Every structure is written in structure tokens, then in C-alpha cells.
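The values are calculated or read from the model by the stated rules, or taken from the named source; none is laboratory data. Owing to the predicted nature of the structure, the values given are computational and were not obtained by experimental measurement. Please note: Cβ atoms are built from the backbone with ideal geometry, for glycine as well, and neighbour counts cover all protein chains shown. SASA here: full protein model, heavy atoms, side chains in, ligands and nucleic acids out. Shrake-Rupley method; radii C 1.70, N 1.55, O 1.52, S 1.80 Å.
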Amino acid sequence: MKGAGGEAAKRFLFIIAAVAVIALVFNPAATIASSAPRTHRLGELLIKYRGQSTVNKIIFDSEVAADGALAAYKKNPLVETASRNALVKIAAEAPFPDDEQFYQQWYLQKIRAPEAWKTTQGSRTVVVAVLDTGVDTNHPDLRNNIWTNPREILDGLDNDGNGYPDDTNGWNFIDQTGDPRPTFTGGWTDAGVHHGTMVAGLIGAVGNNSIGVAGTAWYVRLMPIRVLDSMGVGDVLDVTRGIDYAVKNGAQILNLSFVGLERNDLLDAAIARAHAAGVLVVAAAGNDSANGGLNLDANPQYPVCSDGGPGNNNVIGVTATTETDLKASFSGYGTHCVDLAAPGVSIFSTRFENPSLPNFQKAYGGYWQGSSLAAPLVTGAAALIKSLNPALGNDQIRDILMASADKIDGQNPEFSGKLGAGRLNLAVALKSVAGNLPAAGLSRAYLGVAASAGVPGEVKLFDRNGGFVRSFLAYEAPFKGGLTAAAGDLDGDGHEEIVTAPQSSYAPWVRIFDSAGIKRAEFLAYAASWRGGVNVAVGDVDGDGRAEIVTGAGKGGGPHVKVFDGQGRTRASFFAYDQKFRGGVNVAVGDVDGDGRSEIVAGPGAGGGPHVRVFNGDGSLKTEFFVGKKEDSRGLRVAVGDTQAQGIGGIGVFPAAGVANTLYLMNILGVLYGVVEVAASTQNFPFALGDIDGRGRAFLLVSVPTKEGMSLSVYDTDGRERAYALTYVKKKMSPPNPFVVRRP
């Protein structure tokens with residue numbers, strides 16, 4: 001049986017690729033899985049009349065029409081039953097991912113990860129710093145989860161001014177370079193070279209991708225920071241610098257799978273700074289096979305014991321356990337420094353891979369042991385919790401992990417009270433978090449579509465689950481020239497207004513509506529005689545807390561961009577390209593440099609080159625770059641959204657005309673950080689980027705034709721469909737233009 005939204009799901013491939021420079025070759029994408037929450041077939045009613053044995057299926061053009069008819073049928077005395085055509089689905093589900101080596105990962109089943117993954121598989125908005133011997137950033141199971149610095153480009157310069165030039169994927173404090181992979185200079189061991197990559201795989205190897213292994217979190221951003229050399233040795237200075245780098249560059253969780261015997265004030269202070277900044281720190285309890293593990297109460301090690309003094313708990317210390325929940329014979333233990341236990345023997349994970357070297361030709365392997373490998377399981381668990389509820393702080397996450405752990409003192413009477421709160425139980429932890437999510441966060445936005453040419457000029461709104469809310473006519477009959485639309489808070493009252501403009505065949509009237517569909521204002525963006533259409537975007541370009549309206553002339557016009565306030569008064573006017581160009585200009589608005597005010601992003605209409613230009617609100621040029629070959633004259637459509645929840649908008653770019661199958665996600669420097677691949681049957685799809693749940697992350701909205709009609713699908717940055725709406729049933733038309741209306 002086809003699942004809800006299945007037609008749309010088959011048409012799109014989505015990845016976030018960890019790339020540092022513009023390139024035309026990308027990692028293979030995975031098919032998006034549908035998660036559309038429809039309970040019935042849209043617009044369909046089942047009616048059974050009294051005295052008849054047959055059931056009649058009646059199909060309506062819209063949900064609102066079906067709602068009205070259903071109420072009428074139920075009141076009709078001739079009708080025996082009237083109901084929706086409810087959907088059903090199979091009652092079985094696959095409990096495990098399809099990764100080839102998952103059967104080797106006994107430890108994930110021990111911590112009940114497969115059950116937990118039914119709640120969440122993580123999110124690439126969560127950034128985990130791996131301070132270790134380096135990470136194989138090209139590993140097939142890691143590369144799509146590697147963190148990218150949104151403000152850095154490989155050009156030998158320190159573009160973001162953080163003191164580390166070319167740190168596109170992290171920093172190597174051993175070699176002082178932007179390449180955080182392990183090296184073979186200055187001495188190395190197999191364990192040293194593999195160690196950081198093993199740890200990274202345990203935290204966040206991509207799951208359910210048909211290769212290799214699964215991480216505790218399938219989706220996460222891994223920030224590699226090399227602070228140990230390839231023999232597994234480092235010093236406190238590099239570690240403290242690595243911690244500060246991670247915190248400064250947006251890491252939310254740190255994994256420290258190493259120990260030292262000597263307490264150091266610099267290390268304690270760096271960890272205290274991280275904790276004060278809300279960053280969760282996870283550290284290994286250390287190994288000592290010769291003595292059955294060190295008692296950390298008598299022989300403290302660091303950073304696991306760098307808790308910050310009495311009354312503080314700045315570090316989650318992790319001891320290692322066996323398949324039967326016994327303390328691993330080598331693992332450290334103690335009342336004060338150990339908070340949790342996790343599996344740490346017979347571990348199978350990712351390895352550093354280099355086919356040209358004899359000992360490094362396999363991308364996966366085992367079976368290692370150590371508290372170094374127990375700690376990243378806890379780190380991955382913390383990442384899943386953070387993805388499920390980003391509002392939780394580091395102390396709250398620590399308390400959830402400890403409160404949900406399985407007690408194992410009974411199996412370890414000799415170490416009673418010295419193995420922390422117990423062995424990690426991921427399923428119980430996530431169930432606890434899911435049960436306490438605020439209900440108000442589930443409906444903070446409307447999904448909107450503005451009609452395309454060929455149908456009346458209406459705007460339709462849906463809730464974030466795809467349920468129809470309302471529609472209203474923005475332009476009166478007989479207008480059927482299509483609309484563009486955007487939303488923003490024009491008057492600073494906390495409620496976003498909807499701004500519309502005609503795409504063609506109508507005077508350039510820009511109209512402003514509230515979310516109930518009531519018109520509040522209108523004005524002419526260009527001369528009243530203009531009939532080539534208007535592209536519209538909304539955002540706060542001057543930083544005063546009120547959004548402005550930005551327009552771009554449509555097809556056949558010059559690249560004329562204008563900025564208006566919410567009353568329709570002109571604030572700026574400029575040409576984005578040579579004013580002799582007659583392909584028009586597409587516009588988007590968003591904060592693409594993190595300075596707190598929005599920029600105007602322009603792409604030329606059909607006939608223009610692949611030239612993205614970014615302007616300040618006054619029309620002054622900020623930056624520009626090309627996407628692809630300069631001789632490509634299909635023009636560009638653009639959108640802006642913070643797809644990585646880093647406080648910086650990404651720029652979505654797609655050709656304005658002709659054959660194409662790739663949507664590019666770029667930063668302000670023109671660096672590619674992700675792609676959306678589109679099937680040939682759905683080229684030239686309308687798209688938008690917008691935050692639909694109030695958590696600071698933009699989702700991808702895609703409007704496409706399906707067998708059911710015109711559909712709107714919403715995908716997160718991990719490629720999962722989060723919402724689906726059937727916007728028009730069986731209509732012959734182009735897909736309507738999507739947008740998001742945020743609500744307080």
C-alpha cells in the first residue's frame with residue numbers, strides 16, 4: 001500500500017554534503033522517506049444510503065468542500081452512514097537499519113538504540129565536536145555528517161576572522177592546518193590513526209544508508225578537532241585551545257575520549273567556560289588493564305574528573321561495561337568522577353581508510369575495547385536528546401541520561417556506587433524527553449501556497465501537518481495570472497503578514513493581508529501599465545524590528561529591485577544587474593552573514609547567467625558569485641533560510657528555466673554546503689525555505705505535481721519529509737508557489 005505522500009517522496013533525493021569549495025561532483029543522495037501524517041484521503045467521503053448495500057465514494061475539489069458536505073450528509077435522514085475515506089497502513093515496521101555491518105554492533109541493541117530511533121534519528125542542526133587524533137572526513141559513512149564552517153572558504157585566508165584560516169571542516173592543532181584528518185608524520189600507530197574516526201563513527205555514522213555501520217545518532221554535525229597526534233598523545237595546551245575553538249564555532253557537545261594523570265588549571269578553566277556556555281562535555285573514565293581499572297576517587301584522571309570543584313558537575317564521566325553489564329576489567333571507576341556506564345568491549349566501528357596503505361584498506365573494523373569507545377555512545381545519546389528538544393540545557397541533558405539509566409550495581413557489588421547512575425538506556429531517555437515536549441511548539445506556522453497561472457488568484461494555508469486551514473482570493477476574478485507570495489512581520493506586532501504580487505497579466509499591485517485573509521493595504525510597486533509581473537520577498541533589511549517588502553520586476557522587465565516599508569513607502573531602488581537586461585530579477589531576503597539584519601539576494605530571470613548577487617538594504621553590493629558555468633543563461637531562482645540552525649541564512653539556488661535537476665545550497669561566500677537532486681519529471685519546481693516549528697531551522701518546501709494533484713512537501717535538512725499537503729486536486733496547472741507564515 002502506498003504511504004501518504006509517497007508520490008512526492010519518490011521524486012526527490014536530498015543530502016547535506018560536507019564540501020568546502022564549489023564542485024560539480026557530489027556524494028550519492030539517499031531517497032527521502034515519507035512521513036506525511038495524513039489520516040484519510042483528502043477530499044474523499046464514503047456515503048451509504050439507507051436501504052442500499054453499496055457504499056458511494058464521492059470526491060471533492062478541496063478539504064473545505066468535503067467538510068461542508070460531510071456535515072450535510074450526516075444531517076440527511078436518507079443517509080445511513082457518512083465518513084471520511086480513512087487510511088490504514090501495515091502494522092509492522094523494521095526495527096533495525098539496513099547498514100551492512102549493523103549485526104556487528106551489539107552495543108546499540110544493548111542501549112536500546114533501535115527502539116529509540118523510532119522517536120528520532122537525530123538532526124544535523126546539532127554540532128558535536130570530536131577532540132581526538134583526527135577524523136577521516138572523506139569516510140563514506142561520515143562525510144555527509146561532517147561539520148562545515150559556513151563562513152570559511154579554501155583560499156588561504158581567515159574569512160571568518162576566528163584566527164584559523166581555511167578551517168572549513170575543523171582544525172588540526174597538531175599540524176596547525178585546516179585539515180583535521182590524521183597524518184603519518186612524526187610517528188604513528190594503527191590505534192592512534194584509527195581512534196578519532198572510530199569515535200566519530202560511534203557518535204554519528206550515517207544510519208540506514210545500506211553501507212557500513214550506524215552511529216548512535218544517524219544525523220548530526222561532527223566537528224573534527226585534532227588535538228592528539230597519530231600515536232594518540234597530546235598536551236593540555238592543544239586540548240584547551242581545541243575546547244575553546246569548539247565552543248566559539250558553535251559546538252553544543254564535546255567528546256573527550258582521552259585521559260591524563262595530572263590536573264591542570266588551564267584544562268579545568270576551559271571546561272568550565274564550555275559548561276558556562278551551555279556546552280555539554282562527555283569524557284572517558286580511562287583504562288588500566290594491569291590493575292583492573294583505576295579507582296578515580298584515589299587516583300583521579302583528567303578531564304573526566306575536571307568537574308569544577310564541590311557542587312559542580314561540568315563533565316559526564318563514562319565508564320565501560322561488557323555485554324552482560326559487568327564493569328569492563330580495564331575501565332576506571334569512582335564515586336565522584338563517573339556519571340554513567342556504556343558498552344566498551346568488542347566494539348565495531350568506522351576506521352581511517354586509505355587504500356594505498358597496507359593497514360588502512362578497510363573502512364570498518366573491530367573489535368576494540370576501552371572507555372574511549374563507551375564515551376561516544378553517551379555523546380551520541382546526548383545529540384539525539386538535543387535534536388528532539390533543542391531547548392534543553394547541558395545540565396538537563398545530563399540529568400535525563402542519568403535518570404533513565406539501567407541500574408547495574410547488582411551485577412557489580414564490588415563497584416556499587418562507583419559506576420555512576422547505571423548503564424545508558426537510550427530508549428527510556430528519549431521517551432522521557434518526547435513525553436515532555438511543549439505542545440505549543442507543534443503548530444507555530446502555516447504552510448502557504450500562492451496560486452500559479454491558470455486558476456483563480458488565491459492563497460491557501462495549511463497547518464504544519466498538512467491539514468487545510470483556509471483560503472482567500474488575493475486578486476479578483478477573472479484574474480488567473482498566478483501569484484508570488486512571502487510573509488513577515490511588517491508592523492512589529494509579533495504577527496506575520498502575507499504579501500502577494502501578480503506574476504503576470506495584472507497591474508503591479510502588491511497587497512498585504514493578515515493570516516486570516518483580510519486585506520490590510522496595497523500599493524503599486526512599479527508603473528501601473530506594467531504587466532510583466534512582480535517577484536516579492538519580505539525581511540528586516542534595516543534592523544529596526546519591522547520587515548520590509550522587496551520586489552523584483554518580472555519577466556520582460558529590467559532587473560529593477562525596490563524596497564518598501566509596510567505602508568508601501570519606497571525605501572530603496574536599484575538595478576541588481578545591467579538595467580538593459582530584460583529577463584527580470586528574482587529576489588529573496590534573509591540574514592546571510594549573521595549580523596542581525598537581512599540582506600537582499602538576487603538571481604537573474606531566464607536569459608541571465610548563473611550570477612548570485614547579495615545587497616545591503618540600501619542597495620549597495622555586499623558580495624557576488626557564480627553557481628556553475630558562467631555561460632549558462634537559464635537564470636536563477638533564489639531563496640534564503642537558516643537550514644543549519646546556526647543563525648546564518650543559506651542561499652538556495654535553482655535555474656529559472658530549462659532542464660535542471662539540482663538545487664544548490666550556498667553560503668554568502670559562494671561555498672556549496674548541500675544539494676537537492678530532483679527527478680526529471682519535476683523540473684522547474686517552485687521551492688522555499690522557512691522555519692515551520694519555531695526552533696530556528698529552515699525547512700525545504702517543495703511544490704510538485706503528483707498523481708493526486710498538486711502537492712506541497714516539507715523536508716528537514718536530513719532529507720526526511722515532515723509535512724505533506726495536497727494543495728490542488730486533479731488540476732491541470734503549474735505547481736503553486738510555497739511560502740511560510742510564522743505565528744506567535
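Data overview
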item: Check on Val638, crowded, with 21+ Cβ neighbours inside 10 Å, among the aliphatic types (A, V, I, L, M), over 22 Å from Val704 (Cβ atoms) and at pLDDT 90 or above; result: no
item: The range 143-157, residues that are surrounded by fewer than 15 Cβ atoms within 10 Å (Cβ to Cβ) and either under 14 Å from Gln644 (Cβ atoms) or of a type outside the set (A, V, I, L, M) (or both); result: Asp155, Gly156
item: Residues satisfying the stated conditions in the range 522-540, i.e. farther than 15 Å from Gln503 by Cα and open to solvent by less than 30 Å² (accessible area, probe 1.4 Å); result: Phe523, Val538, Gly539
item: Condition broken by Gly334, with the remaining ones in (1) under 26 Å from Arg226 (Cβ atoms); (2) touching a residue at least 24 places away in the same chain (Cβ under 8 Å); (3) of a type outside the set (Val, Ile, Thr) satisfied; result: (1)
item: Options Arg582, Arg637: the member that is assigned to a strand (DSSP E or B) and of a type in the set (Lys, Arg); result: Arg637
item: Top-ranked residue of the range 457-488 - restricted to ones that are among the aliphatic types (A, V, I, L, M) and closer than 14 Å to Val499 by Cα, ranked as surrounded by the fewest Cβ atoms within 10 Å (Cβ to Cβ); result: Leu473
item: Residues (under 18 Å from Val279 (Cα atoms), open to solvent by 20 Å² or more (accessible area, probe 1.4 Å) and not small (Gly, Ala, Ser)) located in the range 303-313; result: Cys305, Asn312, Asn313
item: The range 576-585 - residue that is without any contact (Cβ under 8 Å) to a residue 40 or more places away in the chain and within 34 Å of the chain's Cα centre (by Cα) and, of those, farthest from Asp489 (Cα to Cα); result: Tyr577
item: Any hit, the range 472-480, residues being touching a Ser or Thr at 6+ places or on another chain (Cβ under 6 Å) and either among the small types (Gly, Ala, Ser) or at pLDDT below 95 (or both); result: yes
item: Failed condition for Ala191, given (1) part of a helix (DSSP H, G or I); (2) open to solvent by less than 20 Å² (accessible area, probe 1.4 Å); (3) of a type in the set (Gly, Ala, Ser); result: (2)
item: Flag if Val433 is open to solvent by less than 40 Å² (accessible area, probe 1.4 Å), at pLDDT below 95 and not in a loop (DSSP other than H, G, I, E, B); result: yes
item: Selection within the range 706-728 - touching a helix residue (DSSP H, G or I) at 6+ places or on another chain (Cβ under 8 Å) and modelled with pLDDT under 85; result: Thr706, Lys707, Glu708, Glu721
item: Residues satisfying the stated conditions in the range 358-372, i.e. open to solvent by less than 40 Å² (accessible area, probe 1.4 Å) and part of a helix (DSSP H, G or I); result: Phe360, Ser371, Ser372
item: Residue among Met733, Met710 that is surrounded by 24 or more Cβ atoms within 10 Å (Cβ to Cβ), farther than 23 Å from Tyr219 by Cα and of a type outside the set (Ser, Thr, Tyr); result: Met710
item: Flag for Asn354 being surrounded by fewer than 24 Cβ atoms within 10 Å (Cβ to Cβ) and either small (Gly, Ala, Ser) or free of Cβ contacts under 8 Å to residues at least 60 places away in the same chain (or both); result: yes
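This table checks each residue for (1) open to solvent by less than 10 Å² (accessible area, probe 1.4 Å); (2) of a type in the set (A, V, I, L, M).
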{"residue": "Ser210", "(1), (2)": "no, no"}
{"residue": "Gly215", "(1), (2)": "yes, no"}
{"residue": "Leu222", "(1), (2)": "yes, yes"}
{"residue": "Asp229", "(1), (2)": "no, no"}
{"residue": "Asp235", "(1), (2)": "no, no"}
{"residue": "Gly242", "(1), (2)": "yes, no"}
{"residue": "Ala246", "(1), (2)": "yes, yes"}
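Quick grid of which residues meet (1) part of a strand (DSSP E or B); (2) touching a residue at least 60 places away in the same chain (Cβ under 8 Å):
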{"residue": "Gly617", "(1), (2)": "no, yes"}
{"residue": "Lys629", "(1), (2)": "no, no"}
{"residue": "Ser633", "(1), (2)": "no, no"}
{"residue": "Thr643", "(1), (2)": "no, yes"}
{"residue": "Val653", "(1), (2)": "yes, no"}
{"residue": "Ile668", "(1), (2)": "no, yes"}
{"residue": "Tyr673", "(1), (2)": "yes, yes"}
